[in-house]
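Okay, structure first, notes after.
The values are calculated or read from the model by the stated rules, or taken from the named source; none is laboratory data. Note that the coordinates shown come from a computational prediction; the quantities given were computed from them, not determined experimentally. Virtual Cβ from ideal backbone geometry, glycine too; neighbours counted across all protein chains shown. SASA here: full protein model, heavy atoms, side chains in, ligands and nucleic acids out. Shrake-Rupley method; radii C 1.70, N 1.55, O 1.52, S 1.80 Å.
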Amino acid sequence: MVHVAAPKFSEGRVRKAHRGDLAAIQSILNAPGNLDKLADHAESALLAAMTSDDQAVMVLDLPDAGVAAFLWITGQSSSAPGPKIEEFGDVQPGSGHGAELLDRVVQDHMARHPTRPLWLAVAADNTRAIAFYERRGFRQTELRPAAWHRRSSPVADALVMQMEAAAAPQLTPNEAKVLSLLRMSNTPMTAYQLLDRMQQGGGVAAPPTVYRALKGLEDTGLVRRIETLRAWVPLTSPAPGVVAICDDCGSVRNLATPDLFDSLHLRLAAEGFAEARRTIEVRGRCGDCAASKA
Ligand SMILES: [Zn+2]
């Protein structure tokens with residue numbers, strides 16, 4: 001048995017997978033809802049990944065329910081193309097278990113390899129998965145036509161998404177803290193919620209600290225203020241967009257709409273109107289909430 005230097009994951013519900021987790025992982029991979037997944041991965045491939053220096057298989061292990069999510073990462077020690085999230089899934093989509101595991105793995109990766117971007121590929125028509133990864137700080141970097149092979153249909157376009165590391169601007173410790181709190185949250189946070197969380201963490205933050213950090217992050221395009229909520233969200237795309245706010249779950253998406261902004265700009269310019277700031281926010285119900293109410 002090869003000894004692997006265990007990554008420094010914090011204690012708790014996330015741990016490295018072992019042979020006894022194989023059945024649980026296979027059942028997540030083979031669940032009928034996981035139409036994006038590749039054909040079955042051989043047990044031998046998963047077992048090899050568990051003991052490889054270059055790969056890791058992590059699970060979220062709940063005291064009452066057992067393995068609730070797993071994540072398989074490859075290319076950890078080799079150079080290009082760098083660490084990749086090969087497969088990732090949870091038993092109960094929407095439960096937050098997958099998000100908990102992914103956030104933990106991403107945090108650990110960023111702490112150990114701040115200059116190596118973590119990347120993954122997702123079917124380009126899987127808008128829910130793309131929104132999920134965007135909320136967690138991944139950016140769309142490349143579209144690969146007809147590159148995705150999946151069970152439900154022969155091929156699909158693959159969208160490559162990347163967690164920017166090296167390209168990240170130099171942040172002050174408070175900016176980094178605020179950004180990480182926003183990225184961990186599924187919903188926008190107000191300055192006072194942020195302050196509260198920072199003080200819980202043992203910090204001695206005061207309101208001006210939080211506002212200064214938010215201003216700095218806004219200037220670098222990493223966060224956006226949602227005017228109608230007086231709250232902030234992390235931005236995953238630098239392109240200006242329309243903000244779609246779900247009144248049911250509170251989730252917020254920034255939707256890039258270049259055509260809309262182009263025509264708006266032309267219309268305003270025709271009026272001789274000098275634009276200072278644009279805010280287009282739409283309230284309604286997100287796809288997930290609409291589906292669950294259907
Ligand atoms: Zn919703």
Legend entry - strands (runs of 3 or more DSSP E) fully within region 47-140 counting 2 or more residues that are over 28 Å from Asn254 (Cα atoms): 56-62, 66-74
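Residues checked against (1) within 17 Å of the chain's Cα centre (by Cα); (2) open to solvent by less than 30 Å² (accessible area, probe 1.4 Å); (3) in the same structural domain as Gly98 (by TED's automatic domain parsing):
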{"site": "Asn186", "(1), (2), (3)": "yes, no, no"}
{"site": "Ala191", "(1), (2), (3)": "no, yes, no"}
{"site": "Thr209", "(1), (2), (3)": "no, yes, no"}
{"site": "Glu218", "(1), (2), (3)": "no, no, no"}
{"site": "Leu229", "(1), (2), (3)": "no, no, no"}
{"site": "His265", "(1), (2), (3)": "no, no, no"}
Legend entry - Residue identified as under 14 Å from the mean Cα position of the chain (by Cα) and open to solvent by 30 Å² or more (accessible area, probe 1.4 Å) among Arg150, Arg139, Arg116: Arg139
Inset, instruction - May I ask you to list the residues in region 1-24 that are of a type in the set (A, V, I, L, M, F, W, C), over 21 Å from the mean Cα position of the chain (by Cα) and either at pLDDT below 50 or part of a helix (DSSP H, G or I) (or both)? - result: Met1, Val2, Val4, Ala5, Ala6, Leu22, Ala23, Ala24
Inset, instruction - Kindly provide the set of residues from region 48-76 that are over 17 Å from Gly89 (Cα atoms) and either of a type in the set (A, V, I, L, M) or modelled with pLDDT of 90 or more (or both), ordered by number. - result: Ala48
Inset, instruction - Identify all residues within region 249-293 that are within 30 Å of Met184 (Cβ to Cβ), modelled with pLDDT under 85 and more than 13 Å from the ligand (Cβ to nearest atom); write none if there are none. - result: Asn254, Leu255, Ala256, Thr257, Pro258, Phe261, Arg277, Arg278, Thr279
Inset, instruction - Please note which strands (runs of 3 or more DSSP E) are completely contained in region 175-274 and include at least 1 residues that are free of Cβ contacts under 8 Å to residues at least 12 places away in the same chain. - result: 223-226
